[in-house]
Amino acid sequence: MKEFLTNNSQQTQELAQKVAQLVRRGMVLTLTGDLGAGKTTFTQGFARALGVTGRVKSPTFNIMNTYIAGETPIYHFDAYTLETMGAENQGFEDFIGTDGITLIEWPQYMVDILPNDRIDFNFQRTNEDDQRQITIHGIGQLANFEDAL
């Protein structure tokens, strides 16, 4: 487990850019944190680092947005609306851990389909306005991922 402190959205996106340089197809990144904690800001920096030029926004009402980074799809989930129904048998398994890179906001509502090998990110606001504490923890075969940062 490794912790980072970012002082503004630009630094959060810079951390995301570093992470983006280390990922490969099939990887799943879970993003946990309260509303406004920086999950979507992180995803925007991540997608831009991989070459996405279009608008990157939280897919709250769609549940999933797809962005193309070169030849690699980025599947961006916002599972908040799945709180009551869960994610199993919704078809999301067709995307998670497959040909692209998957980022999941509110992963606790998709826990029934999360892979054993993933990278968990936890975003917390500190007492400072724009400051965030971001904890990164690799799980399973990705257990040492954070050591590369």
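The values are calculated or read from the model by the stated rules, or taken from the named source; none is laboratory data. Being a predicted model, the structure only gives us computed values, none of them experimental. We place every Cβ from the backbone using ideal geometry, glycine too, and count neighbours over all the protein chains shown. Note: accessible area is taken over every heavy atom of the protein model, side chains too, but ligands, DNA and RNA are not part of it. Shrake-Rupley method; radii C 1.70, N 1.55, O 1.52, S 1.80 Å.
Summary table
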{"item": "The lone exception for LEU22 - which of (1) out of contact with any helix residue (DSSP H, G or I) (no Cβ under 9 Å at 6 or more places or on another chain); (2) assigned to a loop (DSSP other than H, G, I, E, B); (3) modelled with pLDDT of 95 or more it fails", "result": "(1)"}
{"item": "Matching option when the condition is touching a Leu at 6+ places or on another chain (Cβ under 9 Å), at pLDDT 90 or above, among the hydroxyl-bearing types (Ser, Thr, Tyr) and open to solvent by less than 70 Å² (accessible area, probe 1.4 Å), among THR41, THR12, THR32, THR6", "result": "THR6"}
{"item": "Residue within region 61-70 that is surrounded by 21 or more Cβ atoms within 10 Å (Cβ to Cβ) and under 23 Å from GLY138 (Cα atoms) present", "result": "no"}
